[in-house]
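The values are calculated or read from the model by the stated rules, or taken from the named source; none is laboratory data. Everything quoted here is computed from the prediction, not taken from an experiment. As a convention, Cβ positions derive from the backbone with ideal geometry for all residues, glycine included, and neighbour counts pool all protein chains shown.
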Amino acid sequence: MTVLESAINLVDAGLLAQLLLGALAILAAVVAPSRLRSLLAGAPIVCAGIAAAATGTAALLGGVGTGLRIPVALPLTVPLEPLLLAPDQLGGLFMALAGVVVALAALFGIGYAHGPAASRTGWTAFAVFAVGMQLVPAAADAVTFLLAWELMAGGSTVLLLADHATREPVRRATIWYAVMTHLSFLFLLAGFGVLTAAAGGTSWATMAAASVAGPAASLAFVLLIAGFATKAGLVPVHVWLPQAHPEAPSHMSAAMSAAMVKMGVYGILLLILRLLPDGPRWWSIVLIALGAGSALYGILQASVQADLKKLLAYSTTENIGLITTAIGVGLLLRDAGQNGVADVALVAALLLAVSHAAFKSVLFLGAGSVLHATGERDLDLLGGLAARMPWTSVTFGIGALGAAALPVTSGFVAEWALLQSLIHVDARADRLIAIVIPITMGVVALTVGLGLLTFVKAYGIGFLARPRTQAAAEAHEAGPAMRVAMVLGAVLVVGLGLVPGPLAQALAGAVSAGGVSTTGGAGLLLSTVDVVLNPVALTLLTLGILIPLVAMNAVLARRHPRRDVDLAWGCGGERISPRMEYNATSYSEPLVRVFRSSLQASQLVDVVRHDQSPLLVEQMTFTQATGDVIEDRLYLPATRWAGRLGDLARTVQNGSIHRYVGFSFAALVLVLVLVAL
Amino acid sequence: MSNDLYQQLIATTTGLLLLAAVLQIWGRSIVRAIGLLVVQGIALAGLVLTVGLHAGEGSAFLVAGLLLVVKAVVMPWAMLRSARMIGVTREHSARVKPAVELIGAAGLTLLAYAVSGPILGNRTDPASQAVPVGVSLVLLGFWQLLVRGSAITQLVGFLMLDNGIAAISFLTSGGLPLVVELGATLDVLLVVLILGVLVVRLQAEQGHIDISELRELHD
Amino acid sequence: MTIDSVVVIVIQLVLAVAVTPVLIGVMRTTRARLEGRVGGGIGQPWRDLRKLLAKEPTRAPGSTPVLTVAPILLMTSSLLLCALIPLASTLALASIPGDLFVVVSVLLLGTVALALLGLESGTAFGGMGSSRHMVIAALVEPTVLLSIYALSVPAGTSALAAIVQTRRAEPASLLNPVSLLAIVALVVVVIAETGRLPVDNPSTHLELTMIHEAMILESGGRDLGWLELGSWLRLTALLGLVANLALPWGIGQDASPLTLGVGIVAITVKVLVLGSVLAAAEVFIAKLRLFRVPELLAGSFVLAFLSVSASYLVF
């Protein structure tokens, strides 16, 4: 059967279109002249993203294709089944999500990419990464899945290396990323191996039908969760994320953070909902513990970062943690027979995933725009950008509102659904639930609170007040392509927040959840727990209050117009130097004090005294450093041991030709002896 | 006594016990801790009265009255007196951060709830439903003994532990093991009086009442 | 039904705006009298407000629109709170049932507006106030959500009106430990969110201790007037919420003039009494050191936490 023979329906056509557009993008990247390369290679990728969004939406809404079969003609003795791409509803959701993010990122990239990121390799890698990522959720068997997974991993690694020639941290970040990615792949390979052996086939359908249980299922669960958690950036395998996200080109960071880590989430959902739906109870506890730990650790680290992109990266760990927690709660409740509330939790997980994709794209694109304009991503050196970059400032602000889960954004709707699912649990019957749910609630609440602080800091320090450096003072607004991408993303953040009803209804299909419906055109009604959320009505009420207030303010302003003065009060004197402003480090100082031990914070105050009198101080320097406990305690010892092993291996491999010949000789003799026996 | 009222009274008195215990962990003031002991004594007496009257025992008034006198008047008074004599009104020598202490207290309470279920089996009467509060009092008392340094707060923790044991025994036995409880209460009273004197001596001899400093054994 | 709800909302808004200056006046006078001062009188906050709203604000070069927007945003958030919280009546809009999570996020919107305003000024004080304000807001969040959680378990919903109604129907439940612990925790939350002693001293401009005042230091005239009124309204709304949860009597359940009238009188009395009790208590306590505030919040968190587990495991 060839590609062309497959019946042409929307889903199949969409899949085919993505492949073709990806190929076109690669072609354009290779042949186009460097001046036009970004436009010519970026445009097909944008189109591929849109195609994925359309295909995914069709699949999510129940469109089923016959599947796209790609015959494999490898000269192997074992005949390989044709690769099968056939997204189900869940896959469709994640494909649409990836598609939208890719389209936004590529659009931004057209205006943003410069230097190595805009080279032939750069755009080719981006195209490979994008198409690979879009096809991961479409795969209908393990081999196709792993292939698409590797395309995604390979493409992103190459693009991550873009700036390696000029910046040292890039090399370090890429090594971390490459190692962790391959670790993830190995775990997945082993996990799917176990499943395939137990089920007798590689396709999802075979695995689901075999209903594997017992030790084999648990082994597969542990291996696959380890693999997916690494991709998703959950603690303690998150270490690549805060290194790779800041160093990648910003459109790439957006795509990685908003979409690629979601593939880990997709994997977890695929595993527990479709492949191994009847797992024992401890699986859900594992997921809740992983998720809650990641959420708290991630946001705690994010709240003290001064590097804008690193802050966003840690916040990704937090959000994935919340998603995993919601999945775990859903699983636990399904196990306890509370299906109505379990459905709400699973829908909340998907809402969190979708809203995170929307606001994190905007935030990373905004950070990219700032980086593009000032060359800085250290908040301590920014400031005053709101007046200089109004578009970036407003869109970043909307993204930050979404990340802080404030109304009316998609982030608010998602967190609302999660909290509703938690408080409607009937825990009286079950002691385990009665202990787990309040703790989860406490963790989620603290996460929400710290998230608020984090994004007030990111926005307030970066965009308000006065510029702290010359670079920030000379910032300029982003170009049209970048602006359009950011505005579209911001529209998504608010739009999804305004119409949660239809969105949640569509998402409910992906996890076959009942009791989710639309009320009043846009509102969300969760009938199993009997709660309603109608952001449109809330907005109307707000407008009802806001309009008279603004009118009154305007009347007062007409009578007593605002007066411009030369200087703000500033404690009785002029604000002489922007160095006196609070910066990101000082902003989070109280928090560092509170959580000193978990953050491994160290502070150093260096005082230079005057020669004549020790009472006079000439200069003071304050340095504050916070560390990643997990990196220091877990990975550094591990790498040290690996290094020692490597040293041991040196004694065997010392570069002497004679020794190598000797090895070959010994091997030959050994084989001969073995054959003879 | 109607069943609803009974349930409500049990809930209120045990709730008061738990609240007073948490507030004790929360604060650093010794005077306030002693004041909270008074509250606990009153709540315990109320609990005894409720359980006793529900079981139809006339002696409940006697026991409750005695508990009230001993736990809410005599013991706090004796402790307050020694605290005044040595002039120590605040705890200074706690060994962990207050926030950690509080979170630990929450964890212990959760543990108490978790283990009480299996211990109680499937009894469903309101009295035994409140047993976890007694267990948490015992655990919180131990917790205070563990993390606090000053001899007087140690004493407070010890009394909290004793209150917990008393609450458990009243709640589970239904009736009143009058003699046993009275014996135990008087023992504790004796301990408190002796320790009260000891603390004053300690302050006089050592100049502090931090028991973590007392390491060496004399022969 | 809908018309009735709109009437209730309008009445609550008017009531809140009318009562708030009186509440502040009563609180300040109570405090002044207990401290042996005469004080400015109950009408003083109202006079201050009129004066401020009629004065022009100033603007330093390089300011962003946040300077103008933040005060209005704070006012909007506070007024929305007054509309969503059942003050005079438990009648709520069907499409916006005063869901507690919605109420909390509206509250946080005001918090964020203030924090951004503090940063916007670009002075050391503004940033300091903003930073402290946000740290407290972040640490108070677990207590808020958990105490809400504890209160909503018996009612089976997080809609405020339904919770108040359930509590009113079963007065016995007001005294059980779940409810007591949750209310105590909620009081700490209200104190922290509205910047009262011992978390913040609303009547100080001492640089080391101020939080709220540091953020609005740069604002003047009309902007300051909105900021003051907005912060006061928050206090009214939250005190009204605690009052109606702790003592749910008198609150109306429909829109008939009689019950509404009773409801209006009841909430006014409750808020004023609660306010003077709070003010009287403030005379006897000192402000906590900033770095001991987390201890206070951890304590209230533990209370809320115990309240939740108690509601599941025992009662």
Open item on the list: Going residue by residue through the range C:158-170, is there one that turns out to be touching a strand residue (DSSP E or B) at 6+ places or on another chain (Cβ under 8 Å), over 24 Å from residue A:549 (Cα atoms), at the interface with chain A (Cβ under 7 Å from one of its Cβ atoms) and of a type outside the set (Phe, Trp, Tyr)?
Closed with: yes
TODO: Scan the range A:486-516 residue by residue and report those that are in contact with a Gly (Cβ under 7 Å, 6 or more places away or on another chain) and part of a loop (DSSP other than H, G, I, E, B).
DONE: A:515
Task: For residue B:58: the one exception among (1) assigned to a helix (DSSP H, G or I); (2) more than 21 Å from the chain's Cα centre (by Cα) - done: (1)
Open item on the list: facing chain A (nearest Cβ under 7 Å), closer than 24 Å to residue A:402 by Cα and either under 20 Å from the mean Cα position of the chain (by Cα) or hydrophobic (A, V, I, L, M, F, W, C) (or both): is that true of residue C:79 in this structure?
Closed with: yes
Task: Restricting the range C:259-289 to residues that are out of contact with any helix residue (DSSP H, G or I) (no Cβ under 7 Å at 6 or more places or on another chain) and not in a helix (DSSP H, G or I), the residue that is nearest to residue A:442 (Cα to Cα) - done: C:289
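Each row is one residue, and each column tells you yes or no for (1) under 30 Å from residue A:588 (Cβ atoms); (2) within 14 Å of another protein chain (Cβ to nearest Cβ); (3) out of contact with any Cys (no Cβ under 8 Å at 6 or more places or on another chain); (4) at pLDDT 85 or above.
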site	(1), (2), (3), (4)
C:236	no, no, no, yes
C:248	no, no, yes, yes
C:264	no, no, yes, yes
C:272	no, no, yes, yes
C:281	no, no, yes, yes
C:301	yes, yes, yes, yes
TODO: Answer yes if at least one residue in the range C:140-158 is surrounded by fewer than 24 Cβ atoms within 10 Å (Cβ to Cβ), without any contact (Cβ under 8 Å) to a residue 24 or more places away in the chain and not in a helix (DSSP H, G or I), and no otherwise.
DONE: yes
Task: Matching entry among C:239, C:186, C:235, C:224 (being over 19 Å from residue C:137 (Cβ atoms), part of a helix (DSSP H, G or I) and touching a residue at least 40 places away in the same chain (Cβ under 8 Å)) - done: C:224
Task: Residue in the range B:71-116 that is farthest from residue B:23 (Cα to Cα), counting only those that are aliphatic (A, V, I, L, M) and in contact with an Asp or Glu (Cβ under 9 Å, 6 or more places away or on another chain) - done: B:94
Task: Within the range A:444-472, tally of residues that are over 23 Å from residue A:399 (Cα atoms) and among the aliphatic types (A, V, I, L, M) - done: 1
Open item on the list: Between C:154, C:142, which is touching a helix residue (DSSP H, G or I) at 6+ places or on another chain (Cβ under 7 Å) and more than 7 Å from every other protein chain (Cβ to nearest Cβ)?
Closed with: C:154
- [ ] Looking at (1) assigned to a helix (DSSP H, G or I); (2) within 11 Å of another protein chain (Cβ to nearest Cβ); (3) surrounded by 24 or more Cβ atoms within 10 Å (Cβ to Cβ), find the lone condition where residue C:292 falls short.
- [x] (3)
Task: Residue count for the range A:500-549, restricted to those that are away from every other protein chain (no Cβ under 14 Å), surrounded by fewer than 20 Cβ atoms within 10 Å (Cβ to Cβ) and closer than 22 Å to residue A:406 by Cβ - done: 1
- [ ] Might you let me know whether the range C:189-199 holds any residue that is in a helix (DSSP H, G or I) and more than 19 Å from the chain's Cα centre (by Cα)?
- [x] no
Open item on the list: For the structure I just gave you, tell me whether residue C:13 is within 12 Å of chain A (Cβ to nearest Cβ) and closer than 30 Å to residue A:388 by Cα.
Closed with: no
- [ ] For residue C:302, indicate whether it is touching a helix residue (DSSP H, G or I) at 6+ places or on another chain (Cβ under 9 Å), buried (at least 22 other Cβ atoms within 10 Å of the Cβ) and on the phi < 0 side of the Ramachandran plot.
- [x] yes
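Looking for whichever is closer than 26 Å to residue A:177 by Cβ and either crowded, with 18+ Cβ neighbours inside 10 Å or at pLDDT 95 or above (or both) here; the options are A:127, A:86. Which one fits? Can you show your working first?
Numbers: A:86 fails: closer than 26 Å to residue A:177 by Cβ.
On inspection, the qualifying residue turns out to be A:127.
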Task: Cβ-Cβ under 7 Å pairs, at least 6 apart or on other chains, the range A:86-104 side assigned to a helix (DSSP H, G or I), far side aromatic (Phe, Trp, Tyr) - done: A:94/A:266
- [ ] Note down all Cβ pairs under 6 Å where the first residue falls in the range A:147-158 and is on the phi > 0 side of the Ramachandran plot, the second is buried (at least 18 other Cβ atoms within 10 Å of the Cβ) and of a type outside the set (Lys, Arg), and they're at least six residues apart or on different chains.
- [x] none
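Within 21 Å of residue C:112 (Cβ to Cβ), hydrophobic (A, V, I, L, M, F, W, C) and in contact (Cβ under 8 Å) with a residue 12 or more places away in the chain: does that describe residue A:450?
Considered against the rule, which asks whether it is within 21 Å of residue C:112 (Cβ to Cβ), hydrophobic (A, V, I, L, M, F, W, C) and in contact (Cβ under 8 Å) with a residue 12 or more places away in the chain, residue A:450 comes out as yes.
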TODO: Could you grab me the full set of residues in the range C:174-192 that are within 9 Å of chain B (Cβ to nearest Cβ) and surrounded by fewer than 18 Cβ atoms within 10 Å (Cβ to Cβ)?
DONE: C:175
Task: One residue from A:483, A:466, A:558 being in a helix (DSSP H, G or I), touching a helix residue (DSSP H, G or I) at 6+ places or on another chain (Cβ under 8 Å) and over 22 Å from residue A:405 (Cβ atoms) - done: A:483
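Yes or no, residue by residue, for (1) aliphatic (A, V, I, L, M); (2) out of contact with any Pro (no Cβ under 8 Å at 6 or more places or on another chain); (3) farther than 30 Å from residue C:255 by Cβ:
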| site | (1), (2), (3) |
| --- | --- |
| C:15 | yes, yes, no |
| C:29 | no, yes, yes |
| C:34 | yes, yes, yes |
| C:42 | yes, yes, yes |
| C:47 | no, yes, yes |
Task: Within the range A:352-435, helices (runs of 4 or more DSSP H) holding 1 or more residues that are more than 20 Å from the chain's Cα centre (by Cα), among the small types (Gly, Ala, Ser) and more than 11 Å from chain C (Cβ to nearest Cβ) - done: A:410-423
Open item on the list: Given the criteria within 9 Å of chain C (Cβ to nearest Cβ), crowded, with 24+ Cβ neighbours inside 10 Å and closer than 19 Å to residue C:100 by Cβ, does residue A:456 qualify?
Closed with: no
TODO: Scan the range B:18-55 for residues that are assigned to a helix (DSSP H, G or I) and at the interface with chain C (Cβ under 9 Å from one of its Cβ atoms) and jot them down.
DONE: B:18, B:19, B:22, B:23, B:25, B:26
- [ ] Give the number of residues within the range C:82-131 that are farther than 15 Å from residue A:538 by Cα, part of a loop (DSSP other than H, G, I, E, B) and more than 7 Å from chain A (Cβ to nearest Cβ).
- [x] 5
- [ ] Output the number of the condition that residue A:171 fails; it satisfies all remaining conditions of (1) more than 18 Å from the chain's Cα centre (by Cα); (2) under 30 Å from residue A:218 (Cβ atoms).
- [x] (2)
